[in-house]
């Protein structure tokens with residue numbers, strides 16, 4: 001199989017600046033959706049761009065086969081912001097190949113994985129098997145909460161109908177260790193803004209009199225966790241699902257702490273993670289600070305008391321934790337401890353609840369077999385601490401079985417500078433999908 005032309009088109013796909021969190025890229029998002037739609041049409045699929053309340057969804061399907069099972073493949077063409085740009089070794093939207101990996105924003109998450117599965121489908125179609133119905137749904141807002149697709153799901157229910165939903169946006173254990181993902185944590189991103197002064201003030205003339213909003217914010221944030229690092233918001237853990245030792249036997253829980261810390265330059269682990277890091281990442285909820293902004297942060301000094309302080313945070317949630325309840329708990333907590341005189345705004349950004357699939361089914365075993373054949377070794381069962389917010393909603397609306405897979409690994413630096421994706425794992429992901437579709441028979 002010659003991947004030369006596929007890689008050429010893949011690199012073109014990566015050049016679109018599809019940062020969904022920044023509205024200045026709206027036109028670029030739309031151009032990318034049209035390009036992707038045209039690519040699928042040229043590959044022999046019936047495709048269209050579907051308008052939503054935010055960014056467009058690209059939908060495609062193969063010719064209908066009566067009585068055959070239907071697969072719906074999900075992915076996203078939007079990417080994370082490229083900040084901090086100065087830490088990139090090359091232009092994040094000008095793909096560069098180094099040591100067998102392509103470096104670019106979206107190389108792995110999720111343009112690389114999208115591109116190998118659509119090309120596997122295109123080439124499966126050319127083989128003329130005609131024993132399955134294949135649909136494709138590629139959205140442009142996964143990194144920003146999937147609000148457009150979420151709001152459109154009731155209207156798209158018939159179009160997206162399927163027996164099996166395959167989410168190709170997940171990880172393996174290592175470069176040569178395949179794994180199928182059996183669950184994702186949910187997510188609730190939000191920001192909090194404190195305003196306590198009409199304008200920035202001279203820290204000498206006003207220091208000791210005017211209360212500093214940045215000080216108020218860091219003191220507030222410091223109360224979000226107890227001394228053991230557990231989230232201190234009352235009732236945060238009330239509804240979380242406990243996982244028994246019997247259930248844990250289904251998952252590969254191998255973890256090398258020293259290797260992990262060395263690979264990512266980590267100096268310390270959370271106290272709860274020291275005993276069982278993967279359990280903490282896969283089966284427990286978290287609350288993390290994603291960014292803080294206030295006052296003067298450029299080089300040199302500017303001695304002021306800033307008028308505004310802002311923090312961006314996100315919760316990762318586990319099954320049975322409900323987003324609306326967590327929102328109420330967060331707002332109640334902040335309002336209770338807020339310093340009098342400070343104006344507070346809390347803004348929640350969409351989100352999605354956790355999902356956990358069966359540990360075994362005809363579909364799961366078929367995917368595991370395809371992985372094992374392509375990689376030449378046993379495919380493990382794992383969970384993923386990350387989130388794909390729309391998956392649970394699609395499962396509920398479509399009433400289908402869900403499976404989550406991919407060939408990314410933790411060291412691909414997704415969401416970080418110098419994101420990259422192994423071209424060898426791109427090829428293997430392609431062959432996993434092609435083998436699954438070629439070998440699949442109705443259960």
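Worth pointing out:
- Matching residues in region 353-365 - criterion: being outside any loop (DSSP other than H, G, I, E, B) and in contact with a helix residue (DSSP H, G or I) (Cβ under 6 Å, 6 or more places away or on another chain): 355
- Residue 17 being surrounded by fewer than 13 Cβ atoms within 10 Å (Cβ to Cβ), modelled with pLDDT of 95 or more and not in a helix (DSSP H, G or I): no
- Cβ-Cβ contacts under 6 Å between residues 6 or more apart (or on different chains), taken from a first residue in region 184-200 that is over 19 Å from residue 284 (Cβ atoms) to a second residue that is in a loop (DSSP other than H, G, I, E, B), are listed as 194/342; 196/211; 196/342; 197/210; 197/307; 199/307; 200/306; 200/307.
- Within region 155-177, tally of residues that are part of a helix (DSSP H, G or I), surrounded by fewer than 20 Cβ atoms within 10 Å (Cβ to Cβ) and touching a helix residue (DSSP H, G or I) at 6+ places or on another chain (Cβ under 7 Å): 1
- Failed condition for residue 50, given (1) surrounded by fewer than 16 Cβ atoms within 10 Å (Cβ to Cβ); (2) touching a strand residue (DSSP E or B) at 6+ places or on another chain (Cβ under 6 Å): (1)
- Matching option when the condition is in the same structural domain as residue 91 (by TED's automatic domain parsing) and over 17 Å from the mean Cα position of the chain (by Cα), among 122, 180: 122
Residues checked against (1) at pLDDT below 95; (2) assigned to a strand (DSSP E or B):
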{"site": "32", "(1), (2)": "no, no"}
{"site": "36", "(1), (2)": "no, no"}
{"site": "47", "(1), (2)": "no, yes"}
{"site": "55", "(1), (2)": "no, no"}
{"site": "66", "(1), (2)": "yes, no"}
{"site": "71", "(1), (2)": "no, yes"}
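- Residues that are in a loop (DSSP other than H, G, I, E, B) and in contact with a helix residue (DSSP H, G or I) (Cβ under 9 Å, 6 or more places away or on another chain) were ranked within region 217-226; the one that is surrounded by the most Cβ atoms within 10 Å (Cβ to Cβ) is 224.
- Checked against the criterion of being in contact with a helix residue (DSSP H, G or I) (Cβ under 9 Å, 6 or more places away or on another chain) and at positive phi, region 424-441 has no qualifying residue.
- Screening region 271-288 for residues that are farther than 21 Å from residue 380 by Cβ and over 22 Å from the mean Cα position of the chain (by Cα) and picking the one that is surrounded by the most Cβ atoms within 10 Å (Cβ to Cβ) gives 272.
- Condition broken by residue 416, with the remaining ones in (1) free of Cβ contacts under 8 Å to residues at least 12 places away in the same chain; (2) under 13 Å from the mean Cα position of the chain (by Cα); (3) over 30 Å from residue 89 (Cβ atoms) satisfied: (3)
- Residue that is surrounded by the fewest Cβ atoms within 10 Å (Cβ to Cβ) [pool: residues in region 110-145 that are modelled with pLDDT under 95 and assigned to a loop (DSSP other than H, G, I, E, B)]: 128
- Screening residue 197 on (1) modelled with pLDDT under 95; (2) surrounded by 12 or more Cβ atoms within 10 Å (Cβ to Cβ); (3) in a helix (DSSP H, G or I) shows it passes everything except condition (3).
- Test: residue in region 343-360 that is crowded, with 19+ Cβ neighbours inside 10 Å and out of contact with any strand residue (DSSP E or B) (no Cβ under 8 Å at 6 or more places or on another chain): no
- Filter pass, residue 260 being more than 23 Å from residue 192 (Cβ to Cβ), part of a helix (DSSP H, G or I) and modelled with pLDDT of 90 or more: yes
The values are calculated or read from the model by the stated rules, or taken from the named source; none is laboratory data. Just so it is clear, the model here is predicted, and its values are computed rather than measured. Cβ sites come from the backbone with ideal geometry, for glycine too, and all protein chains shown count toward neighbours.
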